[in-house]
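Peer 1: Shown below is the structure under consideration.
Readers should treat all values here as calculations from the given coordinates under stated rules, not as data from a laboratory. Keep in mind that what you see is a predicted model, and the values were worked out from it rather than measured. Note that we place each Cβ from the backbone using ideal geometry, even for glycine, and neighbour counts take in every protein chain shown.
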Ligand SMILES: [Zn+2]
């Protein structure tokens with residue numbers, strides 16, 4: 001079966017067909033972070049979703065080029081730079097580094113390109129110049145350059161491909177300078193913003209005078225620069241559909257006169273403890289907040305991956321505890337499988353007849369088994385819940401056969417190979433010491449130090465604290481290590 005994905009552009013589920021005539025190469029762009037703060041759990045959902053899409057396309061044998069931009073200049077950043085009295089680069093560098101560390105913590109594969117807006121000012125200016133030359137963009141009295149929706153439409157193109165817009169609400173000639181605005185206030189939007197005193201040192205020269213780019217043009221310029229004027233897949237959170245992605249289409253198609261993106265994918269919102277995340281409600285979590293509570297990137301990734309990407313997901317701390325239990329179940333099964341795979345094949349296991357033996361292959365690793373059922377689920381618009389259903393059915397079947405002692409070493413190895421194949425998509429692997437949150441490793445070190453100075457009371461208190469966070473200390477030849485309870 002071919003991969004089917006919902007396309008926001010057609011508002012329907014469509015076959016995913018690569019633009020590449022050879023059917024091999026895929027250009028994929030995901031709107032990356034605006035680096036003015038640490039990534040919150042809602043952002044994490046989008047990036048884990050993008051990673052799932054990329055990994056699944058690769059699993060299907062496609063060669064993906066993933067571009068994830070870094071928005072390091074926009075209205076919000078400039079405001080924060082002003083408030084914190086730092087330089088733009090110093091301010092954004094800190095959050096950019098943190099962001100890519102967070103991606104690693106969530107076991108997201110590194111994007112192939114991570115362009116920064118400020119490193120592409122010349123490309124952005126060139127794109128705006130093209131739009132000005134085509135008469136679709138114009139310089140206003142304040143020195144800013146705006147995109148003219150009216151001129152774009154009279155060039156025969158449609159504004160409002162991703163969202164339905166009421167033509168009566170389009171008010172020709174009205175302008176909006178802010179990067180974010182509602183559908184109701186749709187108007188000519190800023191491509192280049194003339195320098196104002198509040199911008200401080202953040203400005204570049206341009207043919208229209210000193211200023212800085214608008215947010216939307218950044219993504220058009222960087223995506224087309226790296227992936228070409230037309231590419232396969234553009235992805236982001238659903239909050240970016242309007243105006244950001246609608247404006248990206250308008251700018252790109254206005255400049256090139258050809259279709260911009262074939263397939264638009266949007267991930268749904270996330271609620272936390274049943275409500276919209278907000279600092280005042282106390283349900284606003286960055287990834288780092290959750291790590292400090294003792295959860296791992298692996299648990300958070302798993303939980304974020306349990307819901308279909310188009311469903312609003314209710315993220316809860318209880319859900320994280322559930323993720324821990326579910327992962328422990330998988331880990332236990334895998335560890336027993338490894339043990340079984342290491343045993344010599346000559347023992348009687350595997351030669352016993354047992355009920356359902358004729359289905360043995362489909363239960364473990366053969367082509368009609370786990371991998372095939374997993375693929376069928378994900379081909380269906382990435383139906384991840386069905387895919388997890390298959391994983392846990394498989395775990396139950398494997399556990400039963402291990403308990404019956406009816407799985408031989410070859411079968412155990414085949415089952416492990418099947419798991420490894422699907423885990424190249426899920427990316428949850430198995431626990432390793434690398435996944436111990438840094439804060440907890442620091443506690444472990446503090447305990448060692450306390451023991452060295454014979455402060456056993458403190459050492460015991462730290463041990464109890466680690467235990468309360470779900471970790472025990474295990475002595476190994478390489479010294480003490482933390483292990484999940
Ligand atoms: Zn973008």
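Peer 1: How do the peptides 32-40, 53-61 rank, highest first, by the average count of neighbouring beta carbon atoms within 10 Å per residue?
Peer 2: Going from most to least packed, we get 32-40, 53-61.
Peer 1: Another question about this same structure. Could you tell me the center-to-center distance, by alpha carbons, between segment 181-217 and segment 386-418 in angstrom?
Peer 2: That distance is 57 Å.
Peer 1: Order the peptides 405-414, 372-381 from the highest to the lowest mean number of other Cβ atoms within 10 Å of their residues.
Peer 2: Numbers: 405-414: 20.4, 372-381: 18.4.
Ranked from most to least packed, the peptides come out as 405-414, 372-381.
Peer 1: As a check on your grasp of the helix formula, calculate [θ] at 222 nm for the chain: sum -39500 (n - 2.57) over DSSP H runs of n ≥ 4, divide by the residue count, round to the nearest 500.
Peer 2: Numbers: 16 runs with 210 residues, N = 485.
Computed ellipticity for the chain at 222 nm equals -14000 deg cm²/dmol.
Peer 1: Follow-up question, since we're still on this one. Any chance you could give the angle, 0 to 90 degrees and rounded to 10, that helix 456-468 forms with the longest Cα principal axis of the chain?
Peer 2: 70
Peer 1: Let me ask another. How would 239, 102 line up from fewest to most surrounding beta-carbon atoms within 10 angstrom?
Peer 2: On the way: 239 14, 102 22.
The most exposed by this proxy come first: 239, 102.
Peer 1: Within segment 237-264, whose backbone N sits under 13 Å from a point 7 Å along Cα→Cβ of residue 185?
Peer 2: Once the point is set 7 Å along Cα→Cβ of residue 185, 243 turn out to lie under 13 Å by backbone N, inside segment 237-264.
Peer 1: Something else now. Based on the Cβ-Cβ distance from residue 399 to residue 170, what FRET efficiency comes out when R0 is 56 Å, to the nearest 0.05?
Peer 2: Efficiency at R0 = 56 Å is approximately 0.40.
Peer 1: Could you check the simple spin-label distance between residue 15 and residue 458, using points 7 Å along Cα→Cβ, in nm with one decimal?
Peer 2: The modelled label-to-label distance comes out at 6.8 nm.
Peer 1: Would you kindly state how much longer the chain becomes between residue 336 and residue 380 on full extension, computed as 0.36 nm times their sequence separation minus their alpha carbon distance, in nm to one decimal?
Peer 2: Gain in length upon complete extension: 12.7 nm.
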